[in-house]
Amino acid sequence: MIGDSHAALVGHACFEPGEVKATYGTGSSVMTPVATPFLSQRGLSTTIAWSRPGQTTYALEGNIYATGATVQWLARLMGWANGAETVTDLAHACPDNAGVYLVPAFVGLGAPWWNTRARGMIHGLTLGSGPEHLARAALESIAYQIYDIFAAVQEEAGIPLKMLHADGGASANPLLMQFQADMVQCPVVVSKSTDVSALGAAYLAGLGVGVWRSTDELAALHRGEQRYAPVMAEAPRSALLAGWRNAMARVLQP
């Protein structure tokens with residue numbers, strides 16, 4: 001038996017510190033294995049990633065309330081029938097967010113902020129803003145929130161994070177995954193499996209009955225994947241993140 005998000009960590013074969021997985025669903029879970037458990041100072045949770053007889057592996061986890069839910073909300077607000085498809089098409093239609101940021105604190109903010117009083121905000125609107133900028137801001141908000149946890153994990157783990165493994169519905173969006181790679185500045189590897197959690201549970205069951213003898217054998221297995229490498233220059237990346245932090249500061253202010 002293993003929980004959904006934890007099983008996804010195994011399904012990606014993230015067995016070593018330095019590897020991170022993000023599950024893109026209605027909300028999102030970001031998780032990385034750690035050598036020993038400790039109390040987080042950056043709003044993350046220490047959890048048992050998985051256990052086998054005589055061995056327990058721990059992980060740091062951060063949970064986000066609204067990622068895919070943000071796209072669903074925007075589609076409902078604008079009356080778009082094919083929500084995710086329309087948001088993606090519109091986001092592709094503009095080269096950047098034109099200074100528009102959407103902070104989806106619809107029910108507060110999860111990790112690493114844990115602020116139940118925060119509420120959502122659209123910041124940076126001008127007379128030139130259109131539906132395409134809102135669509136772009138909605139998609140980008142997903143990547144920014146993942147980045148916030150990624151940065152917190154990297155600081156607390158004390159080692160460079162070398163790869164982000166992605167799964168879940170929104171991981172099939174090339175625009176989002178490329179933007180995510182640009183924000184975290186490491187490769188994003190997207191699983192082509194439709195259910196990485198089930199794969200992880202199968203891996204653990206196989207270890208339990210001797211199909212595989214070690215996690216090294218699992219790590220060596222071929223998995224269908226799509227890889228995105230960071231390409232954005234540091235200056236525009238820093239400017240985008242500064243804009244996100246500015247919007248977040250407005251949401252978090254008392």
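Of the conditions (1) modelled with pLDDT of 95 or more; (2) under 23 Å from His12 (Cβ atoms), Glu234 clears all except one; give me its number.
So the condition that Glu234 fails would be (2).
Can you tell me which residues in the range 67-91 are polar (S, T, N, Q), closer than 16 Å to Ser141 by Cβ and in a helix (DSSP H, G or I)? Break it down stepwise before answering.
First, the residues of the range 67-91 that are polar (S, T, N, Q): 67, 70, 72, 82, 86, 88.
Next cut, closer than 16 Å to Ser141 by Cβ only: 67, 70, 72, 88.
Thr70, Gln72, Thr88, listed by residue number.
For Thr56, which of the numbered conditions (1) under 15 Å from the mean Cα position of the chain (by Cα); (2) assigned to a strand (DSSP E or B) fails to hold?
All conditions are met except number (1).
Can Gly25 be described as closer than 30 Å to Met121 by Cβ and free of Cβ contacts under 8 Å to residues at least 12 places away in the same chain?
In short, no.
Could you list all residues from the range 116-132 that are in a loop (DSSP other than H, G, I, E, B) and touching a residue at least 40 places away in the same chain (Cβ under 8 Å)?
Hits for the range 116-132 are Ala118, Arg119, Gly120, Gly124.
Somewhere in the range 75-98, is a residue in contact with a strand residue (DSSP E or B) (Cβ under 8 Å, 6 or more places away or on another chain), at pLDDT 95 or above, of a type in the set (A, V, I, L, M) and closer than 30 Å to Leu125 by Cα?
As a first pass, look at the range 75-98 and keep what is in contact with a strand residue (DSSP E or B) (Cβ under 8 Å, 6 or more places away or on another chain): none.
No, the range 75-98 contains no residue that is in contact with a strand residue (DSSP E or B) (Cβ under 8 Å, 6 or more places away or on another chain), at pLDDT 95 or above, of a type in the set (A, V, I, L, M) and closer than 30 Å to Leu125 by Cα.
Among the residues of the range 146-167, are any assigned to a strand (DSSP E or B), in the same structural domain as Leu9 (by TED's automatic domain parsing) and within 21 Å of Thr46 (Cβ to Cβ)?
yes
Residues checked against (1) in contact with a Lys or Arg (Cβ under 9 Å, 6 or more places away or on another chain); (2) more than 27 Å from Ala59 (Cα to Cα); (3) modelled with pLDDT of 95 or more:
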| position | (1), (2), (3) |
| --- | --- |
| Val100 | yes, yes, yes |
| Gly108 | yes, no, yes |
| His123 | yes, yes, yes |
| Glu132 | no, yes, yes |
| Ala135 | no, yes, yes |
| Val153 | yes, no, no |
| Glu156 | yes, no, no |
| Lys162 | no, no, no |
| Ala166 | yes, no, yes |
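Is the range 92-115 home to any residue that is hydrophobic (A, V, I, L, M, F, W, C), exposed (fewer than 15 other Cβ atoms within 10 Å of the Cβ) and not in a loop (DSSP other than H, G, I, E, B)?
yes
Looking at (1) crowded, with 18+ Cβ neighbours inside 10 Å; (2) more than 29 Å from Met121 (Cα to Cα); (3) over 15 Å from the mean Cα position of the chain (by Cα), which one does Trp244 not meet, given that it meets all the others?
Tallying (1) crowded, with 18+ Cβ neighbours inside 10 Å; (2) more than 29 Å from Met121 (Cα to Cα); (3) over 15 Å from the mean Cα position of the chain (by Cα), Trp244 fails exactly one: (2).
Can you tell me which residue within the range 195-218, out of those that are closer than 15 Å to His6 by Cβ and of a type in the set (Gly, Ala, Ser), is surrounded by the fewest Cβ atoms within 10 Å (Cβ to Cβ)?
Only one residue tops the list, namely Ala205.
Name the pairs whose Cβ atoms lie under 7 Å apart, with the first residue in the range 188-215 and farther than 16 Å from Ala8 by Cβ, the second surrounded by fewer than 15 Cβ atoms within 10 Å (Cβ to Cβ), and 6 or more positions between them or separate chains?
Every condition considered, the pairs that remain are Leu207/Arg52; Trp212/Gly206.
The values are calculated or read from the model by the stated rules, or taken from the named source; none is laboratory data. No experiment lies behind these values; they were computed from the predicted model shown. Ideal geometry is used to build each Cβ from the backbone, glycine not excepted, and the neighbour counts take in all protein chains shown.
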